[in-house]
Every structure is written in C-alpha cells, then in structure tokens.
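First the structure, in the form of structure tokens, and then the observations on it.
Since every read-out is calculated from the coordinates, none of them should be taken as a lab result. Remember, predicted model here, so these are calculated numbers, not experimental data. Note that we place each Cβ from the backbone using ideal geometry, even for glycine, and neighbour counts take in every protein chain shown.
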Amino acid sequence: MAKTKNTYTVTTRSESCKGCGLCIEYCKSGKLAFSKKLNKMGYFYAEPVQDKECTGCMSCTLVCPDLVIEVYDG
Amino acid sequence: MNLKNKWPEYYKKDVISHYCPGCGHGIAHRLVSEVLEDLDIGGKAVLVNPAGCAVLAYLYFDFDVLESAHGRGTAMATGIKRANPDLFVISYQGDGDLAAIGTAETIHSANRGENITVIFINNAVYGMTGGQMAPTTLLGQKTTTSVAGRNPAFEGYPLHITDLLATLPGVVYAERTALDGPAGIVKTKKAITNAFQSQIDGLGYSIIEILSPCPTNWKKSPVDSFKWIKEEMTKEFPVGVLTDKRKKYKEEKIAV
C-alpha cells in the first residue's frame, strides 16, 4: 500500500503580523504570500495561498519573530 | 487537525510586541521561552532585562523578569543567584549594554565564574537610540555616528567580547550563533539548551552570542538583513562553539 501523503493546513494571525516577509522568503513551496489588504497596524500581512500545498517543513514558524503562523497537521 | 507549533508556555499570549518588523528579539524571546519549557525550569526562572530595545521584554515573558541598570545585568544576576541559588538566572543583554557600558560587570562576573547564563544579542548598532555606532559595529559599516563607514584609524576595531570571555577559566560554555535563516535558528536553540543545561548542572558562566538582525537601523529589508548576517557579519564574527569546558568541569567537579 502506498504511503498516504501528509497534508498540512496553514493559518496566520493577520492582526499580529508586521509584514516582514521572512516566512514568504523561506517558504520553499510558495504557500505564503503578502495580502492585498492592510491589517489594523497598517501592514500587508502574510496569508496562505489557496492553490499551493504546504510541505510541513516549519521554516516559516521558525523565522517568524511574532509567532503569527500556525501549522496544523491534517 | 493538530497544531504542530504550540505556543510556548512561558511566552504571553495575544500580545503584539513593540519590536520592528523582522527584529531578531522576537525570535530570541521565543527560543528562550521554548527552551525553558523543554527543560521544565520556567517556574523558577528569573530573567534580567537590559536597557535597550529589550527593555520591555517583561511584557512578553510569562515568568519573573527584573529590570537592571544599564549594563549591570550580570551584576544583578550575580546577586539573585547568590541570594537564592535554586533560581535559574538568565541575563538578556544587547551589544550596547553588554559590550559597551557594562564591560566591567560582564568581564568580572565571567571571571568569577558566576553560575548564570547570558543571552547576548549582537546587532552591531545601538538599536533603541537610533542606530549609532556600537563597539561591535563592523569595519566600513555606515551608522548615524560613522557616516563614512567605520574607520579603524579613527573609531577602532570591532570588539569580540565573547572571544575575550571564552579565554577566562570561569566561562564554561560560550557559543556564537546567527539568526540567518531556519538552520541558524535551530542551531541557536540548541546552543541555548546547552548553556541552560550547564547552569542546571552548576558548572559556571555560560554565554550565547546571537547575531541578530536590526532591519530598521541597518536600513535594509528583513530578508536582506538575514542575508547580510550570513554574508558579512559572520565573516567578522564567525559562528561556532568558542569554548566548551563542560565535560572537564563535570569530571573535576569544580561546580559552584
């Protein structure tokens, strides 16, 4: 039986994101991108891209200075 | 749906830090909180704040935090540790705090071999006051007080304070790491774990120098700041273990 591929769900706390772009730079699969809208602090926050797949490498959560990104298993 | 990255237990929830976008302090705070949780010592941990950008760190850490006078973090940590040796004492300092105004306290507390851990954030400028030249500023680096770039004939050479401390017998563990990408951050966490463990074992002074980005004062984007650390800063300040006397001290039982 072939091993089933793990899937991951990424969410971001848009109101505490300062738009530094580090997660976007270090995401290998292009799952994260800047939003079109501003948050309350006036930054273009990071948000997950719908049609890209997360590989679960957790690089984004390592580089994020503000603990914005949440990665769910499943 | 399991959350893979749990919020660190000793980091306050739902607080938006005052740090600039891309600041290394946020990462360093998170790593300290995570290691305290991993080693299960957050309940008896005391952190001494510096003067500098991290002066408001008590708003983010969910354990005891005390504020010290500018540069006197290790002196205060010495007092806390000697008065109550059961506590786990961390001194969190920047380069302006540890390597400029507090040099005497830093060197003497290291020489006494106090059983404390110092987290030294090196960003090569005075961050809070607006990017003036610090002792750790690189040669040729432009700051608001060295506008043509740091010239050794006029402003001297960058101070390698951790290399200096590593030569002292009281310093049991000294390592320099860089926040220059996911790999550097994992290594930094490992280094902090080693330093905290050597304090738990009662071996003496441990210091972790973290090369940390300051995008605002370097006038670079956060991504370019990470690259600048990797390409320029690690040339002047090579990363790696500077001294590791843990095994030797454990065998000789020089424990404080």
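In table form, for the structure just shown:
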item: Restricting the stretch B:19-44 to residues that are free of Cβ contacts under 8 Å to residues at least 40 places away in the same chain and more than 7 Å from chain A (Cβ to nearest Cβ), the residue that is farthest from A:Cys64 (Cα to Cα); result: B:Gly43
item: Elements of type strands (runs of 3 or more DSSP E) in chain A, at least 2 residues being more than 22 Å from B:Ile27 (Cα to Cα); result: A:8-12, A:32-38
item: Sole exception among (1) within 28 Å of A:Thr61 (Cβ to Cβ); (2) free of Cβ contacts under 8 Å to residues at least 60 places away in the same chain for B:Phe154, by number; result: (1)
item: Single condition B:Ala191 does not satisfy, out of (1) small (Gly, Ala, Ser); (2) surrounded by fewer than 19 Cβ atoms within 10 Å (Cβ to Cβ); (3) in contact with an Asp or Glu (Cβ under 9 Å, 6 or more places away or on another chain); result: (2)
item: Strands (runs of 3 or more DSSP E) wholly inside the stretch B:54-151 that include at least 1 residues being among the small types (Gly, Ala, Ser), closer than 30 Å to B:Glu231 by Cα and within 14 Å of the chain's Cα centre (by Cα); result: B:88-94
item: In the stretch A:17-63, the residues that are facing chain B (nearest Cβ under 8 Å), within 19 Å of B:Ser221 (Cα to Cα) and of a type outside the set (Val, Ile, Thr); result: A:Lys18, A:Gly19, A:Cys20, A:Gly21, A:Leu22, A:Glu25, A:Tyr26, A:Met41, A:Tyr43, A:Ser59, A:Leu62
item: Qualifying position, being within 15 Å of B:Asn5 (Cβ to Cβ) and without any contact (Cβ under 8 Å) to a residue 40 or more places away in the chain, among A:Leu32, A:Leu67, A:Leu38; result: A:Leu32
